[in-house]
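One structure is given below, encoded as structure tokens.
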Amino acid sequence: MSEQVDELGLEAELDGVLADPARLLDADRAALRARIEEASPGVGREVFLQAEAMFGVADVPRAEFAAWLHFAAVATGESSYAELVAAAEPGMPWRTVWAWWRPVNWFVAQPSLNGDYYRVRRLLHDGRDVLEVADQRGPVRFETETGDRVQIPADAEPEEGAPRLWDAPQLRDWALNAPWNWSEADVLSVEGHKSRHLVTGEHGVAVLETDARTLHDWPRGKVDPSSSDAAEGLALPTRRQIEGPLTAARVDESFGAKWARRIPAEDLPEALQHPASRAHLTGIGLPAWWSCAFDEYETYTPDAMKPAVGDGLPEDLIALGSCTYGEVYLHGAEGTVHVHGNSDGPSNGELVTLAPDLDVFTRALEAVYRYSNACWHPYPAEGDQDDVTLVFLDELNELAPGLFDKGTPSGELWSWIYAGITELGVDGY
């Protein structure tokens, strides 16, 4: 009999149900959902919200809801909670081995598998089965068995990995409630009663495991995505944004290690006297190349970082790079970032301040990448592109109040730069 959470008189009891997967799996989900705003922040609350935001509110068997909870726990890095779910319900029709997946209301640079602009393939390197996920930023590689990150030297030549097993039992053979990606899962391996399946989609990749003994009595049919497709209007999990200082590792993760440009101190222009700018270019870095729809930015190599000449530009400006809308300059003494725009662009050929420093400039470019997946491929619970855009703009305004305001030269220029995720689709239309 389900536990009537709506009749519990104490917040502690509500929190207790969420904290204990055994109790949560036996709870009245509708009653729990109705009172979820009363729950204290905690792992159980977040996993429950993620599970329903990803998979919906369909009334599914206990074991299938456990699979949803387990996936949400693994995807959010809550391995201990995932273990509790697995112990509370050993009859899950599928379980998550590992997941590199963007959770709902998380705005992170990786994973972000947008449109058709990525590739997933299996490789064999030093005897290890490796899963490679690559987009314009370069490859990210995982050990297929565990999900651990794998580094392969640039000069290495890994072999092609094992092919998909077409004649093995497929996830789509079973009556499951899950996103459409589950119906297109590839079978990676079959060992005894257990099979492993690779789910790939716009939100990431995940390796799932099924056990033929568990599925023996599970109804056959097909994967039904209607519940996940209709997961609208639900309470959202806590918003997750990247916090803390910019670091070299963060720049590598956000823009791709192969596109990170750092310049040795001895190679910086002598005219660049601003200490924070010198430290940023040397220790943190900028993207050597960045793109969003039709907009691009390129950071120059040191030999091209020359003082501005002509066009009435201030002598303290140093060429930093170029973008679709003009030349990008760095103020040698103050560290401000400017664009000298094209005459037919949003700045009408004027010099526009783009950022107060390289930190804000880098974070703003990073934010476009971090929100691109949610803007182009929002979960139903996140709303639509316009809803995510409001969250994106709120973050930008917190980053540099006034800089992104519409009607200001800087705000108008930025609105053209980030329009690829706020006004256009993933294919640029």
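The values are calculated or read from the model by the stated rules, or taken from the named source; none is laboratory data. Predicted model only: the values in this text are computed from it and were never measured. Backbone-built Cβ (ideal geometry, glycine too); neighbour counts: all protein chains shown. Ligands, DNA and RNA are stripped out before the accessible areas are found, and what is left, the full protein with its side chains, is counted by its heavy atoms. Shrake-Rupley method; radii C 1.70, N 1.55, O 1.52, S 1.80 Å.
Once every DSSP H run of n ≥ 4 in the chain is given -39500 (n - 2.57) and the sum is divided by its residues, what mean residue ellipticity at 222 nm do you get, rounded to the nearest 500 deg cm²/dmol?
Taken over the chain, the calculation gives -8000 deg cm²/dmol.
Given the options ILE284, ILE417, ILE152, which has the most mean-square fluctuation in a GNM of the chain, springs set between C-alpha atoms less than 10 angstrom apart? The residue that fluctuates most here is ILE152.
The GluC sites (Glu not before Pro) of segment 173-265 that DSSP puts in a loop, and whose beta carbon has at most 12 other beta carbons within 10 Å, are GLU243. Compute the acute angle (0 to 90°) between the alpha-carbon long axis of helix 43-55 and the principal axis of greatest extent of the alpha-carbon atoms of the chain; round to the nearest 10°. With rounding to tens, the tilt is 90 degrees. Restricting the chymotrypsin sites (Phe, Trp or Tyr not before Pro) of segment 251-342 to loop positions (DSSP other than H, G, I, E, B) with no more than 11 neighbouring Cβ atoms within 10 Å leaves PHE294. The trypsin sites (Lys or Arg not before Pro) of segment 332-429 that meet both conditions, a loop assignment by DSSP and at most 13 other Cβ atoms within 10 Å of the site Cβ, are LYS406. Within the same chain, lysines fewer than 8 places from LYS194 are excluded, and of the rest, those with a Cα less than 21 Å from its Cα are LYS222. Using only Cα atoms, tell me the angle between helix 385-399 and the longest principal axis of the chain; keep it within 0 to 90° and round to the nearest 10. Approximately 50 degrees, to the nearest 10.
Over the chain, with a Gaussian network built from C-alpha contacts below 10 Å, which listed residue (ASP155, ASP229, ASP357) shows the highest mean-square fluctuation? Highest fluctuation of the listed residues: ASP155. Beyond 43 Å, the tail of the calculated P(r) for the chain holds 23 percent of the Cα pairs. Here LYS258 is the anchor, and the aspartates and glutamates within straight C-alpha reach of less than 14 Å, apart from those fewer than 8 places off in the same chain, are ASP135, ASP155, GLU298.
Could you calculate the contour length gain from ASP26 to ALA154, that is, 0.36 nm times the residue separation minus the distance between their Cα atoms, to one decimal place in nm?
Numbers: separation 128, 0.36 × 128 = 46.08 nm, distance 5.07 nm.
So the chain would gain 41.0 nm between ASP26 and ALA154.
A 1.4 Å probe run over the chain, with the rest of the protein chains in place, finds 44 Å² accessible per residue.
Helix 358-376 and the longest principal axis of the Cα set of the chain meet at an angle near 40°.
Note on the chain: with neighbouring protein chains present and a 1.4 Å probe, carbon and sulfur make up 50 percent of its accessible heavy-atom surface. Segment 76-109 and segment 176-242 have their alpha-carbon centroids 11 Å apart.
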